[in-house]
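Laboratory data are not the source of any read-out in this text; all were calculated from the coordinates shown. Because the structure is predicted, anything quoted here is derived from the model rather than measured. Here the Cβ is made from the backbone with ideal geometry for all residues, glycine too, and neighbour counts use every protein chain on show.
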Amino acid sequence: MITCSDAVRQLWEYVESELDPVDREQVDEHLAFCRRCCGEIEFAEELRRFMSRRPVVDLPSAIAARFNRLLAELDSTGAP
């Protein structure tokens, strides 16, 4: 069984259906019992849907910097 950190680290690949079958099965197994990670996946899927419906726009530099810091933090910790 994988940990929450492992599941969250694979979140975007999972949402994009880019995980190999073994990894996807492990994440699915984890999601079957972990409500916290289910919420993370649901948020990622909703964010993906939202972003795909919006036109590409330039973010103000302060917002882009804040967003990039958040992404870097998530990438380094594997958790929100």
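Structure notes:
- The charge dipole of the chain, taken about the Cα centre with unit charges on the Cβ atoms of Lys, Arg (+1) and Asp, Glu (-1), comes to about 520 debye, rounded to the nearest 20.
- Shown here are the Rg and Dmax of the Cα trace of the chain, at 14.1, 42 Å.
- Our coupling estimate for segment 13-18, obtained by passing each phi through the Karplus curve with A = 6.51, B = -1.76, C = 1.60 and θ = phi - 60°, is 5, 5, 4, 7, 6, 9 Hz, Gly and Pro reported as x.
- Remark: relative contact order (the chain) = 41 percent; criterion is Cα-Cα distance under 8 angstrom and separation of 6 or more residues.
- Dipole axis of the chain (+1 Lys, Arg; -1 Asp, Glu on Cβ), positive-most option in Thr3, Phe33, Ser52: Ser52
- Note on Phe33 and Arg66: the extension gain reaches 8.6 nm, defined as 0.36 nm multiplied by sequence separation minus the Cα-Cα distance.
- Our coupling estimate for segment 32-41, obtained by passing each phi through the Karplus curve with A = 6.51, B = -1.76, C = 1.60 and θ = phi - 60°, is 5, 10, 9, 5, 4, 5, 4, x, 4, 5 Hz, Gly and Pro reported as x.
- Summarising the label geometry, the points placed 7 Å from Cα in the beta-carbon direction at Cys4 and Arg49 lie 2.5 nm from one another.
- Local electrostatic count, Leu31, Cβ distance below 11 Å [Lys/Arg +1, Asp/Glu -1]: -2
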